[in-house]
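Q: Shown below is the structure under consideration.
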2 protein chains.
Amino acid sequence: MKKFLNSADTYLTDALAGFAAAHPDLAVDLENRVVTRARGAVPGKVGLVSGGGSGHEPLHTGFVGEGMLDAACPGEVFTSPVPDQVVAAVRAADSGAGVVLVVKNYTGDVMNFDLAAELAGDEGVRVETVLVDDDVAVQDSTFTAGRRGTGATLLVEKIAGAAAVRGDSLEAVAEIGRRVNAASRSFAVALTAGTTPEAGRPGFDLPADEIEVGVGIHGEPGRRREKLRPAREIVADMVEAILEDRAPGAGEEVIALVNGLGGTPLSELYLVYGEVARLLGERGVRISRSLVGDYVTSLDMAGCSVTLCGADAELVELWDAPVSTPGLRWGM
Amino acid sequence: MKKFLNSADTYLTDALAGFAAAHPDLAVDLENRVVTRARGAVPGKVGLVSGGGSGHEPLHTGFVGEGMLDAACPGEVFTSPVPDQVVAAVRAADSGAGVVLVVKNYTGDVMNFDLAAELAGDEGVRVETVLVDDDVAVQDSTFTAGRRGTGATLLVEKIAGAAAVRGDSLEAVAEIGRRVNAASRSFAVALTAGTTPEAGRPGFDLPADEIEVGVGIHGEPGRRREKLRPAREIVADMVEAILEDRAPGAGEEVIALVNGLGGTPLSELYLVYGEVARLLGERGVRISRSLVGDYVTSLDMAGCSVTLCGADAELVELWDAPVSTPGLRWGM
């Protein structure tokens with residue numbers, strides 16, 4: 001394994017310390033592992049909190065800031081944050097208007113965020129939870145009952161974040177988040193496995209000419225392994241899997257995310273996006289907004305995911321609203 | 001080799017077609033391989049043009065837009081654009097106020113951009129050239145007489161771009177660009193080699209426990225190979241090499257860029273940034289601005305570069321000026 005690290009033990013702390021040094025407008029509590037805005041909770045605004053195992057950067061820490069998250073709690077690599085961490089994040093994000101938790105559907109996350117929501121409730125904080133489960137590849141998976149939460153998490157955090165800025169109530173922000181998740185579907189393909197600092201070797205074995213179709217963001221198995229094929233064929237299968245599960249309604253447009261898993265060059269992601277755009281065009285599906293890049297990664301895994309979110313005018317307006325975070329920034 | 005591609009022959013065209021689909025505010029001439037702003041040259045503003053071999057995305061195509069480049073001309077992977085391409089880009093960028101070419105110091109680029117400047121001059125376009133040669137690792141290199149141009153290219157394009165928006169004259173924009181280059185130094189380390197679609201295998205052989213110290217962005221050899229060491233030791237050598245070559249003057253602050261080469265997770269880049277910040281702090285060098293991410297890549301190479309640019313108040317103000325491109329965006 002070749003990585004920039006001092007030791008596997010200090011990897012996360014060292015990375016968070018560097019993140020803190022690079023972003024003075026954010027506050028990083030290294031001991032409790034909570035990232036918040038340096039200026040604290042925004043008075044009157046519903047707070048938005050997310051978290052999960054590390055290794056998916058910029059998700060979630062990189063999405064803390066104006067227009068998106070108020071706090072993030074990163075666990076160890078591919079490991080849920082503990083309930084105390086989540087509670088600390090909720091406390092930091094609450095200005096009295098309540099807090100929405102965005103939780104990816106993995107057993108550990110669901111359990112720990114549920115417990116944290118209960119504990120925060122006991123402290124008098126009103127909490128709503130949005131569960132993200134957009135990955136159509138498999139029904140249950142290694143760490144998951146039901147579908148996995150992947151690329152749609154970015155869309156939920158962005159759009160619910162904008163709803164909170166707009167002044168929506170706790171229930172309304174949660175409702176918008178759930179609407180985004182319900183309208184989103186994702187599918188991922190891995191060309192190589194990612195390597196965690198702790199294990200020191202690739203998370204799974206993939207022959208030199210094979211790909212994992214439907215892979216999870218922790219390297220969980222997908223639908224099948226197959227020989228590498230031309231991108232247009234791989235992407236056609238990805239888009240097909242998504243549209244089979246949920247085709248946009250008549251006149252509905254989509255927000256399209258082509259997301260790199262960490263080790264794939266940007267030019268290849270654009271190539272994939274070109275195929276997605278062509279395929280959707282052939283089916284009469286209009287892409288109203290798009291995003292191409294590394295947003296929900298799996299360490300250094302080569303591969304990508306495609307997420308399509310059926311979006312009405314309101315969701316597009318919230319997507320377009322100003323955002324200023326380390327990982328996503330426009331309009332301000 | 002596992003990549004998302006239809007064929008090695010169509011790789012660049014396919015990637016550019018996807019780029020065009022994703023960015024409707026840009027115009028992509030697939031035949032001539034020139035990327036411009038869809039709205040054309042900005043009346044009265046000095047034009048800014050850059051280009052070079054592909055494989056370094058988002059550089060340069062991803063930096064076309066408000067506050068940065070007016071046009072980019074991508075060559076084949078790791079291959080200079082041809083003079084006709086550069087001339088087409090210059091034509092598109094010129095509104096009558098002249099055009100500044102930002103050229104990385106590689107023999108092919110220098111030759112083709114020089115010829116293009118001459119041809120454009122014959123057409124009546126006033127052209128100034130800014131040569132970028134910030135890489136302190138080696139004096140001459142595989143494709144280079146003198147030092148290689150690497151990470152500082154981003155800084156030159158951003159800061160000269162802002163000077164052009166400010167209304168600076170052709171000569172003044174070029175002068176700002178040269179000042180940025182003169183104040184910038186970079187150093188890169190590779191953990192793995194990148195793979196070009198054409199060759200289909202890693203560009204060089206690096207044993208499983210070794211790193212290339214001082215690598216170029218085309219995989220050119222650096223100063224030495226050595227065993228992988230803790231990040232703090234590697235980064236100390238990188239910062240030392242930079243400061244030995246140019247230490248910031250008394251009271252001078254720096255803009256610090258920690259740039260991923262394509263295959264390294266963001267969390268490791270932050271870890272590296274933390275070491276850079278610590279080392280500079282110990283030497284009393286203040287970082288006024290920083291940027292961490294993949295900006296000047298080498299396909300899927302794992303590794304990173306550090307660039308430090310001594311910056312006075314004017315350069316920092318130009319750095320902070322609004323920019324809106326696919327690869328760099330703030331303030332608007």
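Each value in this text was obtained by applying a stated rule to the coordinates, not by laboratory testing. A quick note: this is a predicted structure, and the numbers were derived from the prediction, not measured. Note that each Cβ is placed from the backbone with ideal geometry, even for glycine, and that neighbours are counted across all protein chains shown.
Q: Calculate the mean, over all residues of peptide A:323-332, of how many other protein chain Cβ atoms lie within 10 angstrom of the residue's Cβ. Intermediate results must be reported in sequence, preceding the final value.
A: On the way: counts 0, 3, 0, 4, 2, 1, 6, 4, 4, 5.
Partner-chain Cβ atoms within 10 Å, mean over residues of A:323-332: 3.
Q: What three numbers, in Å, describe the spread of the alpha carbons of the protein assembly as shown along their principal axes, ordered from the longest?
A: Rounded to whole Å, the extents work out to 72, 57, 49 Å.
Q: Once amide H atoms are placed 1.01 Å from N in the peptide plane, what residues at a sequence separation of 5 or more from A:Arg147, or on another chain, have their amide H within under 5 Å of its amide H?
A: The list, which skips near neighbours in sequence, is empty: none.
Q: Please give the calculated 222 nm ellipticity per residue for the protein assembly as shown, where each DSSP H segment of at least 4 residues contributes -39500 (n - 2.57) and the sum is spread over every residue; nearest 500 deg cm²/dmol? Write down the numbers at each step before the final one.
A: On the way: 16 runs with 214 residues, N = 664.
It comes out at -10500 deg cm²/dmol, rounded to the nearest 500.
Q: Still on this structure: Per-residue counts of other Cβ atoms within 10 Å, averaged by peptide: what ranking do you get for B:5-11, B:17-23, highest first? Don't jump to the answer; show the numbers that get you there.
A: Values: B:5-11: 16.4, B:17-23: 23.0.
Descending packing order for the listed peptides: B:17-23, B:5-11.
Q: Under 10 Å, Cα contacts only: if you run a Gaussian network model on chain B, which one of B:Ala89, B:Ala72, B:Ala145 comes out with the highest mean-square fluctuation?
A: B:Ala145
Q: Also: For region B:1-100, which trypsin sites (Lys or Arg not before Pro) pass both filters: DSSP loop (anything but H, G, I, E, B) and at most 11 other C-beta atoms within 10 Å? Write down the numbers at each step before the final one.
A: Numbers: sites: B:Lys2, B:Lys3, B:Arg33, B:Arg37, B:Arg39, B:Lys45, B:Arg91; in loops: B:Lys2, B:Lys3, B:Arg33, B:Arg39, B:Lys45.
The qualifying sites are B:Arg39.
Q: Follow-up question, since we're still on this one. Per residue of region A:281-290, in order, report the coupling 6.51 cos²θ - 1.76 cosθ + 1.60 (Karplus, θ = phi - 60°) as ³J(HN,Hα) in whole Hz, putting x for Gly and Pro.
A: Each residue's phi maps through the Karplus curve to give x, 4, 9, x, 8, 8, 8, 8, 9, 9 Hz.
Q: When every alpha-carbon pair in chain A is counted, what percent end up more than 24 Å apart? Can you show the working numbers first?
A: Details: 27849 of 54946 pairs.
Summing the P(r) tail past 24 Å for chain A gives 51 percent.
Q: Using a ≥ b ≥ c from the Cα gyration tensor of region B:191-332 (square roots of the eigenvalues), is it rounded, prolate or oblate, where a/c under 1.5 gives rounded and otherwise the larger of a/b and b/c decides, a/b for prolate? Let's see the in-between values first.
A: Numbers: a/c = 2.28, a/b = 1.38, b/c = 1.65.
Oblate shape, in that a/c is at least 1.5 and b/c is the bigger or equal ratio.
Q: If you don't mind, another one. For the peptides A:79-87, B:210-218, B:261-269, A:107-115, what is the packing order when you average, over each peptide's residues, the other Cβ atoms within 10 Å and list the highest mean first?
A: B:261-269, B:210-218, A:79-87, A:107-115
Q: When a/c is below 1.5 the answer is rounded, else prolate if a/b is larger than b/c, else oblate, so apply that to region A:1-118 with a ≥ b ≥ c taken from the square roots of the Cα gyration tensor eigenvalues.
A: Oblate is the answer for region A:1-118, as a/c is 1.5 or above yet b/c matches or exceeds a/b.
Q: Is region A:112-170 best put as rounded, prolate or oblate by its Cα gyration tensor, with a ≥ b ≥ c the root eigenvalues, rounded for a/c under 1.5, and otherwise prolate when a/b is larger than b/c, oblate when not?
A: In terms of gyration-tensor shape, oblate.
Q: Hey, another quick one. Just give me a number: lysine pairs in the protein assembly as shown, eight or more positions apart or cross-chain, with C-alpha atoms less than 13 Å apart. Before the final figure, lay out each step's value.
A: On the way: A:Lys2/B:Lys227; A:Lys3/B:Lys227; A:Lys227/B:Lys2; A:Lys227/B:Lys3.
Value for the protein assembly as shown: 4.
Q: Next up: Report, by chain and number, residues whose modeled amide H sits under 5 Å from the one on B:Ala27, excluding near sequence neighbours (fewer than 5 apart, same chain).
A: Those qualifying (amide H under 5 Å, at least 5 residues apart or on another chain) are B:Thr36, B:Arg37, B:Ala38.
Q: With an 8 Å cut-off on Cα pairs and a minimum separation of 6 or more residues, tell me the relative contact order of region B:184-323 in percent.
A: Values: 265 pairs, mean separation 45.9, N = 140.
Result for region B:184-323 is 33 percent.
Q: Shifting gears a bit: Between region B:137-186 and region A:299-331, what's the alpha-carbon centroid distance in Å?
A: Here the answer is 32 Å between Cα centres.
Q: Using amide H atoms built in the peptide plane, which far-off residues or other-chain residues are under 5 Å from A:Val100 H to H?
A: Amide H to amide H, under 5 Å and 5 or more residues apart or across chains, A:Val100 pairs with A:Gly47, A:Leu48, A:Val49, A:Glu128.
Q: Determine by what factor the alpha-carbon radius of gyration of region B:237-316 differs from 2.2 N^0.38 Å, reporting the quotient.
A: Working: Rg = 12.7 Å, N = 80, 2.2 N^0.38 = 11.6 Å.
It is 1.09.
Q: Return the average number of partner chain Cβ atoms within 10 angstrom of each residue Cβ along peptide B:229-236.
A: Details: counts 1, 5, 9, 4, 1, 1, 2, 0.
Mean partner-chain Cβ count within 10 Å for B:229-236: 3.
Q: Which value, in debye to the nearest 20, gives the size of the charge dipole of region A:184-323 about its Cα centre, when Lys and Arg are +1 and Asp and Glu are -1 at the Cβ? Display every interim value, and only then the final one.
A: Details: 13 positive and 23 negative charges, 51 e Å.
The calculated dipole for region A:184-323 is roughly 240 debye.
Q: Considering every residue in A:4-14, what mean count of other chain Cβ atoms within 10 Å of its Cβ is obtained? Could you put the intermediate results ahead of the total?
A: Details: counts 23, 8, 9, 2, 0, 0, 3, 4, 2, 2, 9.
Mean shielding by partner chains, rounded to a whole number: 6.
Q: Over every pair of different alpha-carbon atoms in region A:55-128, take the mean of 1/r and invert it; report that Kirkwood radius in Å. Display every interim value, and only then the final one.
A: Numbers: mean 1/r = 0.0805 Å⁻¹.
By the Kirkwood definition, the hydrodynamic radius is 12.4 Å.
Q: Pairs of alpha-carbon atoms within less than 8 angstrom and 6+ residues apart define the contacts here; what relative contact order does region A:1-114 have, in percent?
A: Worked out over region A:1-114, it gives 26 percent.
Q: How high is the relative contact order of chain A, given as a whole-number percent (alpha carbon pairs under 8 Å, six or more residues apart)? Can you show the working numbers first?
A: Working: 795 pairs, mean separation 60.2, N = 332.
Relative contact order comes out at 18 percent.
Q: Can you compute the charge dipole magnitude of chain B about its Cα centre, using +1 on each Lys and Arg Cβ and -1 on each Asp and Glu Cβ, nothing else charged? Give it in debye, rounded to the nearest 20. Please report the intermediate quantities before stating the final value.
A: Numbers: 29 positive and 48 negative charges, 120 e Å.
Dipole magnitude for chain B comes out near 580 debye.
Q: Then there's this: Per residue, how big is the convex hull of region A:130-252 when only Cα atoms are used? Give it in Å³.
A: On the way: hull volume 17.0 nm³, N = 123.
Spread over its residues, the Cα hull of region A:130-252 gives 138 Å³ apiece.
Q: Another question about this same structure. Placing the label point 7 Å from Cα along the Cα-to-Cβ direction, what are the distances from A:Ala199 to the equivalent spots in the other copies, shortest first, in nm to one decimal?
A: For A:Ala199, the other copies' label points sit at 3.0 nm, shortest first.
Q: As I understand it, the dipole of chain A uses +1 on the Cβ of Lys and Arg and -1 on the Cβ of Asp and Glu, about the Cα centre. Which of A:Val165, A:Phe19, A:Ser288 lies farthest toward its positive end?
A: In chain A, that residue is A:Ser288.
Q: Quick check on packing: order B:179-192, A:49-62 by the mean number of other C-beta atoms within 10 Å, highest mean leading. Present the calculation step by step, with values, prior to reporting the outcome.
A: Details: B:179-192: 25.9, A:49-62: 28.2.
The peptides rank, most packed first, as A:49-62, B:179-192.
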